[in-house]
Amino acid sequence: MSRSADAPSSRTGAPTRSGATTAATAARARRVKLTVSRVDPWSAMKMSFLISVALGIAGVVMVAVLWMILSGMGVFSEVNRLVGTIFNDTENPFDIMDFLGFGRVLSLSIVVGVIDVILLTALSTLGAFLYNICSALVGGLQLTLTDD
């Protein structure tokens, strides 16, 4: 006896062509308890390095865009004008671009990004080692996963 392609399979709970599932499949959601007993420090270091590089690049781009927006709005020239009226020094006029020029700000943000990459990579690797030590003492982190 052959089976129709549209008939649901009651043993496997496979969906039909119309997308409907059987009641047996909906009632059988599995719950699994897992324990994270060890984190590999090498993989933690690789992942944290990649994530911190991405955050460093995003930070440099964010600083560059923010500087361009502030410059386009005329904030720096307004600060120059305000400081010029306050100090009224004609011999040594104040120019904020001596302190906050685009090159200087971008260079500083790159340095901060590189320090960020080094620190986050080292701290997450150290965190993996510390987790492994604590996990050996108390058994690790227990998770309950469900299959919906």
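Rule-based calculations on the coordinates, nothing more; no lab input. Keep in mind that this is a model prediction, so the values were computed, not measured. A quick note on method: Cβ atoms are made from the backbone with ideal geometry, for glycine too, and the neighbour counts reach across all protein chains shown.
Candidates G72, G84: the one that is surrounded by 14 or more Cβ atoms within 10 Å (Cβ to Cβ) and either assigned to a helix (DSSP H, G or I) or over 16 Å from the mean Cα position of the chain (by Cα) (or both) is G84. Considering the stretch 96-148 alone, what residues qualify as being of a type in the set (V, I, T) and more than 17 Å from A54 (Cα to Cα)? If the condition is that a residue be of a type in the set (V, I, T) and more than 17 Å from A54 (Cα to Cα), then I96, V105, T125, I133, V138, T144, T146 are the ones that fit. Applying the criterion of being in contact (Cβ under 8 Å) with a residue 40 or more places away in the chain and part of a helix (DSSP H, G or I) to the residues of the stretch 124-148, the residue that is nearest to R31 (Cα to Cα) is S135.
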